[in-house]
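Heads up: the structure comes next, in structure tokens.
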Amino acid sequence: MKKVNLLIVLGMVTGAAFAQDTLTISKNDLLQKVTENNLQIKVAEKSFQSAKADYRQSNALFLPNINVSHTGISTTNPLMAFGSKLNQEILTASDFNPALLNNPDVTQNFATKIEVQQPLFNLDGLYGRQAAKAKMDAFQLQTERTKEYLELEVSKAYMQLQLAYKAVKVLEKANTTAQGNLKMVENYFKNGMLQKTDLLNVQVRVNEITNQLQYAKSNMQNASDYLAFLLNEDMAGKTYKPAEVLDNSIAIESMNTTISDSRKDIQAMQKSSEAYKKMFQSSKFGFLPRLNAFGSYELYDQNIFGTSAKGYLVGAQLSWNIFDGFKTIGKTQKTKADFEKAEIETEQYKKQSQLELSKTNRQLLDAENKVNLSQLAFEQSQEGFRIRQNRFTQGLEKTTDLLMAETQMAQKELEHLQAVFEYNFTKQYLQFLTK
């Protein structure tokens, strides 16, 4: 007796611990958390930041390139020694002595140099910058679409969690009904009104429901764990519980039959195609000359960081790469093929999206019909079980018939809940496709 009491106490403690680790959460809280914590969204944001950094690099097309250097040398090289003295403005007539020119003493030179390079005309660079901008916009749109997809996925996972909790309740109710039937059959068996086989059939049914209930609880934990994964949260030893209960009814809405070009993923595909187009144009203008300005300011001295002599240099350079062994031609052909491929892929994606929309519209109609039929079947199974249970208590029904009616009632209720879930998710998916 003490052992039984101990097991009861342990069971109560375990149940209390489970209740303490059950976290009630609403759908709105989930949608807010997934935007802030989901790893897939963070990856998409990093991809956008990478594309943004690529675009910022193209600022070099307008801004100057400035370098500062300080160089120190010690030389007996005739040319370098003469040039160093000349830069230091310390050259004298005696330095033109052929013996000193050919065999100079050790000469030290320290040079501080500030160089500036300024692009003036670079047409292919301009199109390259526009390509980088289009690529950045594409990643931004893709990030926004990823957020919309994760909102859909969280809604689906939340409904799965609601369905799992509802299934547990249905099976717990079925278990209670089966236990009641078992007690009634046991009484009939003790009074000699039923055979041993009838009692065994009921016991088998009770064991089946117990097994199904265990699976339903595992599915409930699986749905909770998946939600925790989407939210990037550690849920070890914890379980989410939905604040809202799964509704058994559905709300019928009108269907949208056309894909909008303003959808984020389609806009991203179009921006990607635009980026390839700009890269193609950039390659074509790579045949044109480039004009760059340059200048430098130089300081020379015999001592480190000295500034006794100074000078500057300014100029401009027009460069034209006339032939580079078909490198530019091949690059142009490649970017043209990539651009045409991107256009075809965009058109294909839009047609696939339209096909998916048409399919989902039909699925929504089928799901609506399934909900109505499953609700009718559930109501009929309830009535059938009530009639058979009353007739069984009067000795007018077989035990197997009662078990079949009870099994069918629980099955039809679960099927109805599944049909409601499928309709609600299909409706949200349809909204996602037309968003």
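A few notes on this one:
- Taken as a whole, the structure leaves Ala223 outside the set of residues that are buried (at least 20 other Cβ atoms within 10 Å of the Cβ) and either under 18 Å from Gln411 (Cβ atoms) or more than 40 Å from the chain's Cα centre (by Cα) (or both).
- From the list Leu86, Leu79, Leu91, Leu23, the one residue that fits, being surrounded by 12 or more Cβ atoms within 10 Å (Cβ to Cβ), in a helix (DSSP H, G or I) and either at pLDDT below 90 or not small (Gly, Ala, Ser) (or both), is Leu86.
- There is no residue in the stretch 62-69 that is open to solvent by 60 Å² or more (accessible area, probe 1.4 Å) and in a helix (DSSP H, G or I).
- Matching residues in the stretch 273-304 - criterion: being of a type in the set (A, V, I, L, M), surrounded by fewer than 16 Cβ atoms within 10 Å (Cβ to Cβ) and over 29 Å from Ala111 (Cβ atoms): Leu288
- Just one of the listed residues (Ser218, Ser224) is free of Cβ contacts under 8 Å to residues at least 60 places away in the same chain and small (Gly, Ala, Ser), namely Ser218.
- So Glu406, is it at pLDDT 90 or above, of a type outside the set (S, T, N, Q) and more than 44 Å from the chain's Cα centre (by Cα): no
- Count of the stretch 233-255 residues, restricted to those that are open to solvent by 70 Å² or more (accessible area, probe 1.4 Å) and not β-branched (Val, Ile, Thr), is 9.
- When the stretch 178-201 is filtered for residues that are of a type in the set (Val, Ile, Thr) and open to solvent by 40 Å² or more (accessible area, probe 1.4 Å), only Thr197 remains.
- Residue list for the stretch 128-158, restricted to those being of a type in the set (A, V, I, L, M, F, W, C) and touching a Ser or Thr at 6+ places or on another chain (Cβ under 6 Å): Ala132, Ala138, Phe139
- Checked against the criterion of being more than 30 Å from Met220 (Cα to Cα), modelled with pLDDT under 95, outside any helix (DSSP H, G or I) and in contact with a helix residue (DSSP H, G or I) (Cβ under 9 Å, 6 or more places away or on another chain), the candidates Gly286, Gly311, Gly325, Gly306 yield just one match: Gly311.
- Residues of the stretch 94-114 classified as open to solvent by 80 Å² or more (accessible area, probe 1.4 Å) and part of a strand (DSSP E or B), total: 1
- Residues that are in a loop (DSSP other than H, G, I, E, B) and either modelled with pLDDT of 85 or more or of a type in the set (S, T, N, Q) (or both) were ranked within the stretch 222-243; the one that is farthest from Glu144 (Cα to Cα) is Ala243.
- Within the stretch 256-272, if we keep just the residues that are assigned to a loop (DSSP other than H, G, I, E, B) and open to solvent by less than 30 Å² (accessible area, probe 1.4 Å), the residue that is modelled with the highest pLDDT turns out to be Arg263.
The values are calculated or read from the model by the stated rules, or taken from the named source; none is laboratory data. Being a predicted model, the structure only gives us computed values, none of them experimental. Quick reminder, even Gly has a Cβ in these numbers, built from the backbone with ideal geometry, and neighbours come from all protein chains shown. Each accessible area value is taken on the protein alone, full model and side chains, heavy atoms only, with ligands, DNA and RNA left out. Shrake-Rupley method; radii C 1.70, N 1.55, O 1.52, S 1.80 Å.
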